[in-house]
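Okay, structure first, notes after.
The values are calculated or read from the model by the stated rules, or taken from the named source; none is laboratory data. Quantities reported herein were computed from a predicted structural model and do not represent experimental measurements. Glycine also receives a Cβ, built like all others from the backbone with ideal geometry; neighbour counts cover every protein chain displayed. In case anyone asks, the SASA skips ligands and DNA or RNA and just uses the protein heavy atoms, side chains included. Shrake-Rupley method; radii C 1.70, N 1.55, O 1.52, S 1.80 Å.
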Amino acid sequence: MTATATTPAAVTPPAPRSRKPRRRLLGENPLGILFSAPYLVFVIAIFAFPLGFSVYMAFHDYFFTAPGFEAERPFVGFDNFRNVVTDPLVWRSFGNVGVFLLINVPLTVALSMLLATALNRVVHARTFYRVSFYVPYVIASVAVVAVWLFLFNGEGLVNSLLGPLAPDPSWLVNTGLAMPTIALFVTWKGLGFYILLYLAALQGVPKELYESAQMDGAGKVRSFFSVTVPSVRPATLLVVLLATITGANLFTEPYLLTAGGGPDGASVSPALLIYQRGIQQGTPDTAAAIGVILIVFVLIIAWLQRRFVGGEER
């Protein structure tokens, strides 16, 4: 018998173990966290910490003390909020800022969109016109207020031009006209910033859309409402949100134009009332409660605007 040679079976190497990707503590790009760390510290120190501390103040019997002096500040629950919601001046301040927003936000959106569209079509002296609209925004409010006081006081230029049609009492001392006048001032001053936002948005609108609209027989007005307005809708939402947040925190203009919210509280705003209660009257706990309510008020308005103006689906 002849022995048959058996060939050894081929040995297959073990399959390599699948290495699971290690999760890095600082993400895929730790260098990005390093670069953004200074701004994160800024946000925590300037926004997050004061917000948390104001909520703490709103629920405690908080008062200012001399440096180094320790005092008990007991928890009082919703007592500060109860005092705030029963104060007629607080309700009036929110009503005033509501009137301000009803005037300022639509005017800001309409005028900035129209002017940005016009400036986008300007060929000659484009830089001059853009800078002209932006200059009032960068000028300090204190300097510009003097001009408006000259224009709208009892013997100002506006009343001189109106003659017998001038309101009596005058604009800034009239309970019905003080807040609308402030709204016009803020609209004029901040218009340049919002024009730049719309100008940036208009650069991304394809020219083919205007050419198609023109071929369909649409004129300039129809092209504006059919092409420009829908194309810059994200910018419109941004303008509405920024104008609302800025208007809800109105402080400098009524403080300077109407000497602290006059006449008889007709132009007092929640932010101005916070300053008066917290600093001038020494009740920071009540001021903090007004601030918390103001934050909730702005968040609700911003949510409604995002839902209806931004076209967010339900």
For this session: Report P(r) for the chain: all Cα-Cα distances, bin width 20 Å, range 0 to the bin holding the largest distance, values in whole percent.
Result: 23, 44, 22, 6, 4, 2, 0
Problem set entry | For segment 44-188, fraction of C-alpha pairs farther apart than 20 Å, in % | 71
Exercise. So what is the accessible area of segment 130-268 per residue, in Å², with the probe set to 1.4 Å?
Worked result: 52
Exercise. Want the number for Val296 to Met215: 0.36 nm per residue separation, take away the alpha-carbon distance, what's left?
Worked result: 24.3 nm
Exercise. How much FRET efficiency would the formula 1/(1 + (r/R0)^6) give for Ala166 and Leu89, where r is the Cβ-Cβ distance and R0 is 30 Å, rounded to 0.05?
Worked result: 0.55
Problem set entry | Protein accessible area in the chain, 1.4 Å probe - carbon and sulfur % | 67
Seminar exercise, completed: Among the DSSP H helices of the chain, those whose Cα atoms extend at least 24 Å along the helix axis and whose mean Kyte-Doolittle hydropathy is 0.0 or higher are 88-121, 178-202, 284-308
Seminar exercise, completed: Computed on Cα atoms only, the convex hull of segment 115-189 has an orientation-averaged projected area in nm² of 6.3
Exercise. Which three semi-axes in whole Å describe the equivalent ellipsoid of segment 238-310, each the square root of 5 times a Cα gyration tensor eigenvalue, listed largest first?
Worked result: 25, 16, 8
For this session: Only Cα pairs under 8 Å and at least 6 apart count here; give the relative contact order of the chain as a rounded whole percent.
Result: 25
Problem set entry | Rounded accessible area of Tyr39 (nearest 10 Å², 1.4 Å probe) | 150
Exercise. By what distance, in whole Å, do the Cα atoms of segment 156-314 stretch along each of the three principal axes, largest value first?
Worked result: 64, 47, 24
Problem set entry | segment 112-219: relative contact order in percent, alpha carbon pairs under 8 Å with at least 6 residues between | 36
Exercise. If ligands, DNA and RNA are left out, what is the accessible area of Thr86 with a 1.4 Å probe, given in Å² to the nearest 10?
Worked result: 100
